[in-house]
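Novice: First the structure, which I've put down as structure tokens, then a few questions once you've had a look.
The values are calculated or read from the model by the stated rules, or taken from the named source; none is laboratory data. These figures come from a predicted structure and were not determined experimentally. Ideal geometry is used to build each Cβ from the backbone, glycine not excepted, and the neighbour counts take in all protein chains shown.
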Amino acid sequence: MTLTLDTSDKPWQEIYRRLTEIIQPRPIALASTLNAEGQPNLAPFSFYTLISCNPPYLAFCPQLAGRTGQKKDTLRNLEVHPQFVVATVTEAIAERVNQASAPLPYGESEFAYAGLTPLPAERIRGNLVQESPVNMECELVEIRNYGSEGGAGNLVVGKILLLHIDEAVLDAAGAVDPALLKAVGRMGGEDWCRTSERFSYPRPDRA
Ligand SMILES: Cc1cc2nc3c(=O)[nH]c(=O)nc-3n(C[C@H](O)[C@H](O)[C@H](O)COP(=O)(O)O)c2cc1C
């Protein structure tokens, strides 16, 4: 038996639940932005991926808030200050990153609320996350809106200008060692996942 769902005749919340149950694991972008007054904001986004390497572009998607249809602070900030940092979420900071997803009033810093430390970025006006071993300084390329109601996605595309990688997560050859990085991801519901179990295959096009 197969459960077949027509996305057009279901409430969006059910589609959201189903899609996040089946599109997984999802990496998590910890996005650090500034508002027009320069106040820092931090929030996690698991609708996140690398979309180009030449030029180096990443994308993540703040949806319009489910209950209110309002823009999330991250999106509001990017509309007034088109620079941001994306930090990698690791096991060591996962719980604090979850706290950073709290919907604080606009202008209040989730850094302080979640117990994470802002460090001034080098190339842009913004903040790295000191406790994350990987921070990427980005400039906004574009924002695309896919609707005006709660749950509507907004694609944020950024060009990665500077990569900061803590040498503590590098192996002897200088590559990032996933066993040292300990990145985590998002599954469905309230579940997260580790990256401690891995396997590899030789690429057929490189044999
Ligand atoms: C691990 C994790 C991943 C999340 N991913 C997303 C996402 O991809 N898109 C989204 O709109 N909200 C996502 N959220 C919820 C936002 O983080 C939350 O709405 C947050 O308050 C937004 O912050 P802001 O208003 O400061 O931008 C996620 C929450 C968690 C804990």
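Novice: Which numbered condition trips up residue 73, out of (1) acidic (Asp, Glu); (2) within 10 Å of the ligand (Cβ to nearest atom); (3) touching a residue at least 60 places away in the same chain (Cβ under 8 Å)?
Specialist: With (1) acidic (Asp, Glu); (2) within 10 Å of the ligand (Cβ to nearest atom); (3) touching a residue at least 60 places away in the same chain (Cβ under 8 Å) applied to residue 73, the lone miss is (3).
Novice: Give me the pairs, please: first residue somewhere in region 55-69 and more than 19 Å from residue 79 (Cβ to Cβ), second residue anywhere and assigned to a loop (DSSP other than H, G, I, E, B), beta-carbon distance under 8 Å, and either six or more positions apart or on two chains.
Specialist: Note: pairs meeting the criteria are 66/150; 66/151; 67/150.
Novice: Another question, then. Just to be sure before I move on: is residue 156 in contact with a Pro (Cβ under 8 Å, 6 or more places away or on another chain), more than 15 Å from residue 89 (Cα to Cα) and surrounded by 14 or more Cβ atoms within 10 Å (Cβ to Cβ) in the structure I sent?
Specialist: Taking the combined requirement at face value, the residue satisfies it.
Novice: Related question: With respect to residue 128, is the statement that it is in a strand (DSSP E or B), within 16 Å of the ligand (Cβ to nearest atom) and within 19 Å of residue 35 (Cα to Cα) true?
Specialist: No, not satisfied.
Novice: Of all residues in region 75-99, count the ones that are buried (at least 24 other Cβ atoms within 10 Å of the Cβ), of a type outside the set (A, V, I, L, M) and assigned to a helix (DSSP H, G or I).
Specialist: Residues that pass the stated criteria total 1.
To keep it simple, each residue is scored yes or no on (1) more than 15 Å from the ligand (Cβ to nearest atom); (2) part of a helix (DSSP H, G or I).
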| position | (1), (2) |
| --- | --- |
| 14 | yes, yes |
| 17 | no, yes |
| 21 | no, yes |
| 31 | no, no |
| 38 | yes, no |
| 41 | no, no |
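Novice: Between a residue in region 162-178 that is under 15 Å from residue 87 (Cα atoms) and any residue that is of a type in the set (Asp, Glu) and modelled with pLDDT of 95 or more, which pairs come within a Cβ distance under 7 Å, given they are 6 or more apart or on different chains?
Specialist: Final answer for the pair search is 162/122; 162/137; 169/177.
Novice: Quick check on region 104-130: of everything there that is in contact with a Lys or Arg (Cβ under 8 Å, 6 or more places away or on another chain) and surrounded by fewer than 18 Cβ atoms within 10 Å (Cβ to Cβ), which residue is farthest from residue 86 (Cα to Cα)?
Specialist: Filtering first and then ranking leaves 106.
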